Amino acid sequence: MRYEGTVYRPPSEAGSLIIQLTIGCARNTCTFCNMYKDKKFRIRPLEEVVEDLDYSRIKVRRIFLADGDALIVKTEDLLYIIAKCKEIFPEVERISVYGAPKDILHKTPEELATLKAAGLDMVYMGLESGADEVLQAVKKGVTADEMIEAGKKVRAAGMILSMTVISGLGGKKLWREHALGSARVISAIKPEYVGFLTLMIEPGTEMYDQYNRGEIELLTPHEVLDETELFIRSVDAEGTMFRSNHASNYIPLGGTLNGERDKILGQIEISRRKSKFRPDVFRGI
Ligand code: SF4
């Protein structure tokens, strides 16, 4: 298999066949992200992608089309690749992609419905924060209302939507706005899944330099718990599966909203008694 650079995929795609339809991220502006800093964005020639599919002929149940934003690809080309996935892997049960909000907004509802009917089952969308102040500060290039519109479009097309929020992204200054804004966006969309990661400042990012200049004040583990608690108390998303069990998180949390809200709040309460959390996120940098 030909892979260019480091390939990222959501944790739940660990068992999937990963095929790069695009290389890198078309935006690459987010101050906290170093995933695709070493790659110049391009859409791969379709014949190359099909060669990779042919080359990987093994039994697979799931295919994830990487890199950062496969939905930037023209709908007719996406339909061609999805059809090839189905032809080469007739047993495939799920095809999924990362979807950048702007790319979703550029597709019509009919295009998204056609993609779903063709076999694109799931979209992962990074919300990061539902607060405009935070989105602006981290240069996400999209507003909270655009996130809502994009998320609703994916859901209206019948695709499964999984969204991520980054705990602590607003720092000490904007943690309330971050929690409440994220709860507003998730309540409006009610995605099937919402996963919380916790901010880890990576060398090579703009945020790393901002941190070293003293421009960002990070939340302590207990403050991250306060922020998560405010989100959980404020969100209204019946049926959404909430998970905070990524390696970056200080404690594992999980439950289905809204019914298991008290269970999740109980998990947070128990965690407050802990005095030791995972090692400091800055160790080694
Ligand atoms: S967070 Fe997503 S949109 Fe932002 S630079 Fe990273 S891959 Fe691109």
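The values are calculated or read from the model by the stated rules, or taken from the named source; none is laboratory data. Here the structure is a predicted model, which means the values were calculated and not measured. A quick note on method: Cβ atoms are made from the backbone with ideal geometry, for glycine too, and the neighbour counts reach across all protein chains shown. Quick note on the areas: whole protein, heavy atoms, side chains included, nothing else; ligands and nucleic acids left out. Shrake-Rupley method; radii C 1.70, N 1.55, O 1.52, S 1.80 Å.
Going residue by residue through region 103-116, is there one that turns out to be farther than 30 Å from Leu225 by Cβ, of a type in the set (Ser, Thr, Tyr) and either free of Cβ contacts under 8 Å to residues at least 40 places away in the same chain or surrounded by fewer than 20 Cβ atoms within 10 Å (Cβ to Cβ) (or both)?
yes
Restricting the first member to region 242-266 and to residues that are over 16 Å from Ser162 (Cβ atoms), and the second to residues that are among the small types (Gly, Ala, Ser) and assigned to a loop (DSSP other than H, G, I, E, B), the beta-carbon pairs closer than 8 Å and six or more apart or on different chains are Asn258/Ala237.
So for region 161-168 (the condition being under 13 Å from Ser129 (Cβ atoms) and open to solvent by 30 Å² or more (accessible area, probe 1.4 Å)), does at least one residue qualify?
Just the residues of region 161-168 that are under 13 Å from Ser129 (Cβ atoms), to begin with: 163-168.
Filter once more, keeping what is open to solvent by 30 Å² or more (accessible area, probe 1.4 Å): 164.
Yes, region 161-168 contains a residue that is under 13 Å from Ser129 (Cβ atoms) and open to solvent by 30 Å² or more (accessible area, probe 1.4 Å).
Of the candidates Tyr55, Tyr80, Tyr98, Tyr36, the single residue that is among the hydroxyl-bearing types (Ser, Thr, Tyr) and under 30 Å from Leu230 (Cα atoms) is Tyr98.
Among the residues making up region 6-34, those that are of a type in the set (A, V, I, L, M) and either outside any loop (DSSP other than H, G, I, E, B) or within 15 Å of the ligand (Cβ to nearest atom) (or both) are Val7, Leu17, Ile18, Ile19, Leu21, Ile23, Ala26.
Exactly one residue out of Leu65, Leu46, Leu17, Leu53 is open to solvent by less than 70 Å² (accessible area, probe 1.4 Å) and either of a type in the set (Asp, Glu) or within 28 Å of Ser129 (Cβ to Cβ) (or both), and it is Leu65.
Given (1) farther than 14 Å from Ile18 by Cα; (2) open to solvent by less than 70 Å² (accessible area, probe 1.4 Å); (3) touching a helix residue (DSSP H, G or I) at 6+ places or on another chain (Cβ under 8 Å), where does Ile82 come up short, assuming only one miss? Of (1) farther than 14 Å from Ile18 by Cα; (2) open to solvent by less than 70 Å² (accessible area, probe 1.4 Å); (3) touching a helix residue (DSSP H, G or I) at 6+ places or on another chain (Cβ under 8 Å), only one is false for Ile82: (1).
If you go through region 162-189 and pick out every residue that is closer than 19 Å to Asn249 by Cα and basic (Lys, Arg), you end up with 2.
Of all residues in region 201-228, exactly one satisfies the criterion of being more than 21 Å from the chain's Cα centre (by Cα) and aromatic (Phe, Trp, Tyr), namely Tyr211.
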